[in-house]
1. Of all residues being in contact with a strand residue (DSSP E or B) (Cβ under 7 Å, 6 or more places away or on another chain) and of a type in the set (A, V, I, L, M) in region 62-90, which is farthest from Leu20 (Cα to Cα)? Just the residue, please.
2. Can we say Arg78 is in contact (Cβ under 8 Å) with a residue 60 or more places away in the chain and surrounded by 10 or more Cβ atoms within 10 Å (Cβ to Cβ)?
3. What is the one condition in (1) in contact (Cβ under 8 Å) with a residue 12 or more places away in the chain; (2) surrounded by fewer than 15 Cβ atoms within 10 Å (Cβ to Cβ) that Ala66 does not satisfy?
4. Go through (1) closer than 18 Å to Lys73 by Cα; (2) exposed (fewer than 15 other Cβ atoms within 10 Å of the Cβ); (3) small (Gly, Ala, Ser) for Gly43 and report which single condition fails.
5. Inspect all residues belonging to region 65-79 and state whether any of them is aliphatic (A, V, I, L, M), modelled with pLDDT of 95 or more and touching a Gly at 6+ places or on another chain (Cβ under 6 Å).
6. How about region 35-87: which of its residues are assigned to a loop (DSSP other than H, G, I, E, B), hydrophobic (A, V, I, L, M, F, W, C) and closer than 16 Å to Gly11 by Cα?
7. Being in contact with a Phe, Trp or Tyr (Cβ under 7 Å, 6 or more places away or on another chain), among the aliphatic types (A, V, I, L, M) and free of Cβ contacts under 8 Å to residues at least 40 places away in the same chain is the filter here; which residues of region 1-52 pass it?
Amino acid sequence: MNIYVGNLPYGLTDADLQELFAEHGDVSSASVITDKFSGQSKGFGFVEMPNNSEADAAIKALNDTAVKGRNIKVNQARPRTERPQRSPRY
């Protein structure tokens, strides 16, 4: 299951995110989304857990809990939707 994690502290790393979820089961991947130009965290990330029951337990256990002073939001990720192309400005 792909899990969305929002309101992350900006100093949190991929490894920190993986460690947080590993307490609740097997984690395939964990990534904090960063700005492609500055490299700064955007404050959210995604965690992939292969076992759905472990993923559900992690969502219930971690949603709205404090991580480094911020209450994180955790839920099942929605499928990505196509965004319309922006026309270039000349």
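1. Ala77
2. no
3. If we test Ala66 against (1) in contact (Cβ under 8 Å) with a residue 12 or more places away in the chain; (2) surrounded by fewer than 15 Cβ atoms within 10 Å (Cβ to Cβ), just (1) comes out false.
4. Answer for Gly43: the failing condition is (2).
5. No: zero hits.
6. Of everything in region 35-87, just one residue is assigned to a loop (DSSP other than H, G, I, E, B), hydrophobic (A, V, I, L, M, F, W, C) and closer than 16 Å to Gly11 by Cα, namely Ile72.
7. Val27, Ala30, Ile33
The values are calculated or read from the model by the stated rules, or taken from the named source; none is laboratory data. These numbers come from a predicted model, not from an experiment. Neighbour counts are summed over all protein chains in view; Cβ atoms, including those assigned to glycine, are modelled from backbone coordinates with ideal geometry.
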